[in-house]
Structure formats: C-alpha cells, structure tokens
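Encoded as structure tokens, the structure appears first; notes follow it.
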Amino acid sequence: MSQLQALIFDVDGTLANTERDGHRVAFNSAFVEAGLDWHWTIDFYEQLLAIAGGKERIKFYLNQYQPEFKTNKDINEFIAHLHQLKTKHYQQLLQKGAISLRPGVKRLIEEAKKENIRLAIATTTSLSNVIALLSQFLALDWFEIIAAGDIVPAKKPAPDIYNYVLKRMNLLPENCLVFEDSDNGLLAAIQAGIKTIVTVNNYTKKQDFNQAILVLSDLGESEKPFKIIQGNLSNNNYVDLDSLRSLMANG
Ligand code: XBP
Ligand code: MG
C-alpha cells in the first residue's frame, strides 16, 4: 500500500473559482486598456479555456478569431504586453476580494500541514497570480514548491509541471495525490503517474474525468457536504486525510 506523503494542488478552478469572474474579467479589462474591441463572454471563454496559459490563449484567439489583426510590434511582444496588462487587472481583482477559496480547501491544507503531509502547487497560471491569491488566505511557506506558468517548457495537458514538482521534492508519484478541476489538468497529472481527485466547476463539469480516482462537486465541509460524481470515499461529507489515506489504500 503506498503511503500518502504529499498533496499537490492545481490553482485555477481547484483552490478557487478564478476563471469566470477573475481571469476572464481581467482579460477584458486589458483589451479595453489596449484599445482593442475584443470581449470574451462567459460562454465564449469556455472554449478558450481548452488552451492552458494566458499568453497561449491570446495567441489561439488571434489565430482563430482575429486572423486579420495587424500590429507594428513583434506578435509575441504584443501578446506578452497584453498579458502583463491582464495580470495587473487580475491582481487588482484579487486585492478587491473578488475571489475566495473553494469549500474545504483551507481546512484540508491546514490538516495536511498539522500532520506533516508535504504540500505543493502545480499550476499553469503565472507565479505572481498564485502568490496574490494564496497570500490572502494561506501561509505561502506551507508549500514546499510553487510550480507555476513558464517554469516548464510545456503547459498542461503536458505532464511537465507535475514532473517538475516530483523531481524538486524528490517524491515518487505513488506517494502523492493531485487535486485538479479540468481535463487538461487531469491528463497532465495522470501522465506524471499521480492519482488525481477532480473537483468540478461550471466550466469543467461536462468534461471527461474517467481516469480520475474520484470526482466531486468540491472538497466539502461538515456543514456543507460535497456531492460525489464518480468513485467512492469513506467520509461521505468532506475530504479529510483519513479518507484520502483509505482512498490510496484501495488503489
Ligand atoms: C489555468 C490556466 C491559466 C489561467 C490564466 O491554470 O490555464 O492560464 O487560465 O492564468 P491552472 P495566466 O488550472 O493550471 O491553475 O494568464 O497567468 O496564464
Ligand atoms: Mg485548473
């Protein structure tokens, strides 16, 4: 039976629902600031979320939906600048308290810390966004590694970010559990050989999570139980370390 040694968390959609009212709004504010008449609606943004990475998402949008767009700058410089504007707007939204942690996240992380279960972050978003979010709610130094954005050559669904965390922490995949929210994230973790629990959100609830060991509405709280969408858990109200250990034992 593999012993549980570490929990590795995705950020966007997992620790907090940051996409609809955070990143998407920040992209639109950046477009306005840059004098662009682009606007990503809630529904349209769902298609763009198939592309991990804000810069990559803008490039995809240009290629697919703005093929006539012209700039006198190098296109990658243009995208990088637009993405910097977006990151500024996103962090302003965080500072205004626009985003809070999802149910059970703080409780499980505090329990893991108390029981010396190692903690890490593996995310596609930019490091400064992770710090801006986490520092509002949790102690950053509880996470041994915060692996984010361009730290690896290929973003999710490539496994690079998870392999990076395993290597830096000298961990074996079988001693870890990953928490994700999307099919891209699940695929990345699975390719790194790590068992994955998915907590869905409005953007990802229709995606294919067949390879997850558990799919939940969220991590739950005793007074606000989760809904189990796929799989079983010994504690049928909320995710705690004992239920995760029994999940690991039952493979
Ligand atoms: C989600 C992403 C990120 C964010 C935008 O990351 O794909 O790109 O949508 O953040 P994850 P940036 O679910 O892996 O946390 O604009 O900083 O990329
Ligand atoms: Mg995510």
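Quick note: the coordinates plus some simple rules give every number you see, no bench work behind them. Everything numeric in this text was worked out from a predicted model, so none of it was measured. Heads up, the Cβs are rebuilt from the backbone with ideal geometry, glycines too, and the neighbour counts pull from every protein chain shown.
Per residue of the chain, the DSSP helices (runs of n ≥ 4 H) give a summed -39500 (n - 2.57) that works out to -12000 deg cm²/dmol at 222 nm.
With neighbours defined as other Cβ atoms within 10 Å of a residue's Cβ, the residues 248, 1 order from fewest to most as 1, 248. A Förster distance of 45 Å, applied to the separation of the beta-carbon atoms of residue 21 and residue 1, puts the FRET efficiency at 0.65.
For residue 145, the amide hydrogen comes within under 5 Å of the amide hydrogens of 121, counting only partners 5 or more places away or on other chains and with H modelled in the peptide plane. Comparing Cα centroids, the range 68-141 and the range 207-249 end up 25 angstrom apart. Positive end of the dipole of the chain (Cβ unit charges, origin at the Cα centre): among 211, 148, 109, the Cα lying farthest that way belongs to 148. Of the complete DSSP H runs in the chain, those spanning 15 angstrom or more by Cα along the long axis with a mean Kyte-Doolittle score not below 0.0 are 127-137.
In the structure shown, the pairs 59/88; 155/206; 113/206; 167/205; 55/224; 114/205 are assessed against 26 Å; a Cα-Cα span above that value is assigned to 113/206; 167/205; 55/224; 114/205. Among beta bridges identified by DSSP and lying wholly in the chain, the antiparallel ones come to about 15 percent. Size descriptors for the chain: radius of gyration and Dmax over Cα atoms are 18.2, 59 Å. Calculated FRET efficiency, residue 221 to residue 154, Cβ-Cβ distance, R0 = 51 Å: about 0.90 to the nearest 0.05.
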